[in-house]
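The values are calculated or read from the model by the stated rules, or taken from the named source; none is laboratory data. For clarity, every value in this text was computed on a predicted model and none was experimentally measured. Every residue, glycine as well, gets a Cβ built from its backbone with ideal geometry; the counts of neighbours run over all protein chains shown. Just the protein is used for accessible areas: all its heavy atoms, side chains included, with ligands, DNA and RNA removed. Shrake-Rupley method; radii C 1.70, N 1.55, O 1.52, S 1.80 Å.
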Amino acid sequence: MSIPKRLFACLTIWALALATTPPANATAYDARPKLVIILVLDQFRADYLERYRTDFKGRGFRLFLDHGANFPDCYFGYANTETAPGHSTIATGAYTDGHGIGSNEWWDLTRSKDHPVTSVEDERYELIGLPAGTKSIPGSSPRNLLASTVGDELRLNTLGVSQVYGISLKDRAAILPAGATANGAFWIDQASGRFITSTYYMPQLPSWAQSFDDGPRITQALQEANASGNTTGFYSVVGATPAAVSYELDFAKALITNAELGKHATTDLLTLSISSTDILGHKVGPDSDQQRQMIDAVDVDLDGFFTWLDKNVEGGLGNVWIALTADHGIAPIPAVAAKLGLNATTIDLKKLVGNLNFAINQKFSPGEKIDYMLQQQSLPYLALNQPAFERAGINEQEAEQAVQDFIPRAFASLIPPDESKGPATAKLPPTPGLFRSYTRQQMAQGQLPNTQFGELIEHSYTPNGGWYVMVIPQAFDIAASGAATNHFTPYSYDRHVPLALYGAPFAPGTYHGRVEPVDIAATFASLLGLNQPSASIGRILTQALKPASEVIYPKGTPARSHTVHKRATSESHP
Ligand SMILES: [Zn+2]
């Protein structure tokens, strides 16, 4: 049976008119989309998407692979691939030299002499929602974030009508991507698993969050993780299992419902960071069956979450944009890489720092045992004990230069003496080695090679952490402080993360070619009609954008109203 062509055309137009509103400006001011989600999977290397593609079912990862714009060649453009800087980068569209966050924690002797301060700890505030009887610990805030996030720009441009929230199991991964103007950020108390926040955001936990914490959900997660009765290790025990992924997503649903995200006159934004892939990944490495099972479980949970969004956001998933990415990748477990012939091993960081202290004492204070290097070190930034150097009359330039000069020798002394005679008859055991090092002053002054590698280092400059020397070991060498593997280097395995965009403006397909996580904030800011975040250097991913005439939102999405303007006026002139 054939339908005359013209009648068919009429029917098509009629059907389209029923299903959709005509294309119009799609910006934050029109609440098109209703909700933006920046979904960060902690320590999720981009190659997993292809490696386990045949495992994926439903609308979890397949939402992006089959119906989204997928960029398989996304690499961070800096060298300090850790959680706090990664989340900051994704949301600000800037690297560490723009947003200031260099690592998860650093020494700040003006604030604490007994422990490195974390990227978000803030003694001026208090944590709220902790179990009764918990000793008060410092609160948290984005105090160290020097740049605005895309969420901040949304809040600024709508004068606070748009709502912005962050969720993660980790404080830094909830706080930093949401930004300074966020309405709230929630993460868990590591012992009990209760979702908490800081007085930076609100004086007390909202009643819905209190009910979530007091309800059956924690007990259920403990049961699912075979950890019933464990009252002190939720983060490390449950956190390393898929039970924590669905636990976290259930909290996200409660937030979306109770904060009415997607129901405001302008676009709302949620940053959602799934931590379990990282907590498990450090223990078992990227190549283990357990991590594959975790990824498959995340796939199932995302399917459920996206299906829930489809039913619970006005107009369904067609009114939501979702960016999928990760804060960093991960190195293979050294033994796994070494078995295949790579010179991969673990660096004994304590010994390395001890060797440095010994050599510096010999140079500046022979016969003494001064701690010229601070305790509790982690790579890539080795922290110098500024007061100790100053007491010896040594300035920053001289101190950092001395440490840098001694680093190759300190690495060499980690290698056991070779007692073999004659040429080797099998692959030699792996030995740790230094690739490059840069002093804080060299980085601050841009005394770096004019190469792509030099640019990675330039983007890793942080004003935090006092005097330091940035250390880049050989590829596949890790420093892990008890973990099986780690991430902190400029090597591809640490910088390679997913970048996939789902939503009305994005033309589905696979887009080969280098892109960077900073492009997410830049692209979202552009499409939402906002200013770029204050330090953004991202590019707009124009190759994946549909022509404006083809960007269609579900019927019922309100056209632009004057709500924003009215509210702003009444708020500024009470
Ligand atoms: Zn990690």
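Let's see how each residue does on (1) within 16 Å of the ligand (Cβ to nearest atom); (2) free of Cβ contacts under 8 Å to residues at least 24 places away in the same chain; (3) of a type in the set (A, V, I, L, M, F, W, C):
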| position | (1), (2), (3) |
| --- | --- |
| R51 | no, yes, no |
| D66 | no, no, no |
| P72 | no, no, no |
| G77 | no, no, no |
| T83 | yes, no, no |
| G98 | no, no, no |
| S103 | yes, no, no |
| T110 | no, yes, no |
| Y125 | no, no, no |
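Output the number of the condition that A484 fails; it satisfies all remaining conditions of (1) within 19 Å of the chain's Cα centre (by Cα); (2) within 16 Å of the ligand (Cβ to nearest atom).
Every condition holds for A484 apart from (1).
Among the residues of the stretch 386-412, which ones are open to solvent by 30 Å² or more (accessible area, probe 1.4 Å) and of a type in the set (D, E, K, R)? If you could, list the steps in order and put the result at the bottom.
Restricting attention to the stretch 386-412, the residues satisfying the condition of being open to solvent by 30 Å² or more (accessible area, probe 1.4 Å) are 386-387, 390-393, 395, 397-398, 401, 405, 408-409, 412.
Within the stretch 386-412, E390, R391, E398, D405, R409 meet the criteria.
Restricting attention to helices (runs of 4 or more DSSP H) lying wholly within the stretch 24-141, give those where 2 or more residues are crowded, with 22+ Cβ neighbours inside 10 Å.
Details: elements: 47-51, 61-67, 83-92, 96-99.
Of the helices (runs of 4 or more DSSP H) lying wholly inside the stretch 24-141, those with at least 2 residues that are crowded, with 22+ Cβ neighbours inside 10 Å span 61-67, 83-92, 96-99.
Report the residue count in the stretch 515-534 for those that are buried (at least 21 other Cβ atoms within 10 Å of the Cβ) and touching a Gly at 6+ places or on another chain (Cβ under 8 Å).
Of the residues in the stretch 515-534, 10 are buried (at least 21 other Cβ atoms within 10 Å of the Cβ) and touching a Gly at 6+ places or on another chain (Cβ under 8 Å).
Restricting attention to the stretch 356-385, report how many residues are open to solvent by 60 Å² or more (accessible area, probe 1.4 Å) and either touching a residue at least 40 places away in the same chain (Cβ under 8 Å) or farther than 19 Å from W106 by Cβ (or both). Lay out the reasoning, then the answer.
Looking only at the stretch 356-385, we keep the residues that are open to solvent by 60 Å² or more (accessible area, probe 1.4 Å), and these are 358, 362-363, 366-369, 371, 375-376.
Then drop every residue that is not either touching a residue at least 40 places away in the same chain (Cβ under 8 Å) or farther than 19 Å from W106 by Cβ (or both), which leaves 358, 362-363, 366-369, 376.
Of the residues in the stretch 356-385, 8 are open to solvent by 60 Å² or more (accessible area, probe 1.4 Å) and either touching a residue at least 40 places away in the same chain (Cβ under 8 Å) or farther than 19 Å from W106 by Cβ (or both).
Looking at G529, G513, can you tell me which residue is in contact with an Asp or Glu (Cβ under 7 Å, 6 or more places away or on another chain) and at positive phi?
One residue alone meets the criteria, G513.
Restricting the search to the stretch 142-167, which residues are on the phi > 0 side of the Ramachandran plot and of a type outside the set (A, V, I, L, M)?
From the stretch 142-167, those on the phi > 0 side of the Ramachandran plot are 159-160; that's our starting set.
Correct list: G160 only.
Output yes when any residue across the stretch 219-238 is more than 16 Å from the ligand (Cβ to nearest atom), in contact (Cβ under 8 Å) with a residue 12 or more places away in the chain and under 19 Å from the mean Cα position of the chain (by Cα), and no when none is.
no
Looking for whichever is within 20 Å of P505 (Cα to Cα) and either in contact with a strand residue (DSSP E or B) (Cβ under 7 Å, 6 or more places away or on another chain) or within 16 Å of the ligand (Cβ to nearest atom) (or both) here; the options are A91, A31. Which one fits?
A91
Grab the helices (runs of 4 or more DSSP H) fully contained in the stretch 273-340, keeping just those with 2 or more residues being open to solvent by less than 10 Å² (accessible area, probe 1.4 Å) and within 16 Å of the ligand (Cβ to nearest atom). Talk me through it step by step, then tell me what you get.
Numbers: elements: 276-284, 289-312, 334-339.
It comes to 276-284, 289-312.
Just checking: which of the helices (runs of 4 or more DSSP H) contained wholly in the stretch 432-514 hold 3 or more residues that are in contact with a Lys or Arg (Cβ under 8 Å, 6 or more places away or on another chain), surrounded by fewer than 21 Cβ atoms within 10 Å (Cβ to Cβ) and of a type in the set (F, W, Y)?
On the way: elements: 440-444, 452-458, 492-495.
Per the criteria, no element qualifies.
Return the residues of the stretch 291-334 that are under 22 Å from the mean Cα position of the chain (by Cα) and more than 25 Å from F76 (Cα to Cα); say none if nothing qualifies. First the steps, then the outcome.
Taking the stretch 291-334 as the starting set, the residues that turn out to be under 22 Å from the mean Cα position of the chain (by Cα) are 291-303, 305-306, 320-333.
Matches in the stretch 291-334: Q293, A297, V300, D301, D303, F305, F306, V320.
Can you find a residue in the stretch 124-136 that is touching a Gly at 6+ places or on another chain (Cβ under 7 Å) and closer than 21 Å to T462 by Cβ?
Looking for residues that are touching a Gly at 6+ places or on another chain (Cβ under 7 Å) and closer than 21 Å to T462 by Cβ, one finds none in the stretch 124-136, hence no.
Among the residues of the stretch 244-271, count how many are surrounded by 21 or more Cβ atoms within 10 Å (Cβ to Cβ), out of contact with any Phe, Trp or Tyr (no Cβ under 9 Å at 6 or more places or on another chain) and closer than 22 Å to A28 by Cα.
Here the count works out to 1.
Starting from the stretch 145-156, take each residue that is basic (K, R) and list its partners that are surrounded by 24 or more Cβ atoms within 10 Å (Cβ to Cβ) and assigned to a loop (DSSP other than H, G, I, E, B), counting only C-beta distances under 6 angstrom and pairs at least six apart or across chains.
Note: pairs meeting the criteria are R155/S162.
Take P416 and tell me if it is at pLDDT below 95 and not polar (S, T, N, Q). Steps first, please.
On the way: at pLDDT below 95: yes; not polar (S, T, N, Q): yes.
Criteria met by P416.
Do you know which of the residues in the stretch 341-355 that are closer than 28 Å to P72 by Cβ and out of contact with any Gly (no Cβ under 8 Å at 6 or more places or on another chain) is least open to solvent (accessible area, probe 1.4 Å)? Reasoning before the result, please.
So the first thing to find is which residues in the stretch 341-355 are closer than 28 Å to P72 by Cβ, and the list is 341-344.
If we keep only those that are out of contact with any Gly (no Cβ under 8 Å at 6 or more places or on another chain) as well, we get 341-342, 344.
Details: G341: 39, L342: 76, A344: 4 Å².
Ranking the qualifying residues of the stretch 341-355, first place goes to A344.
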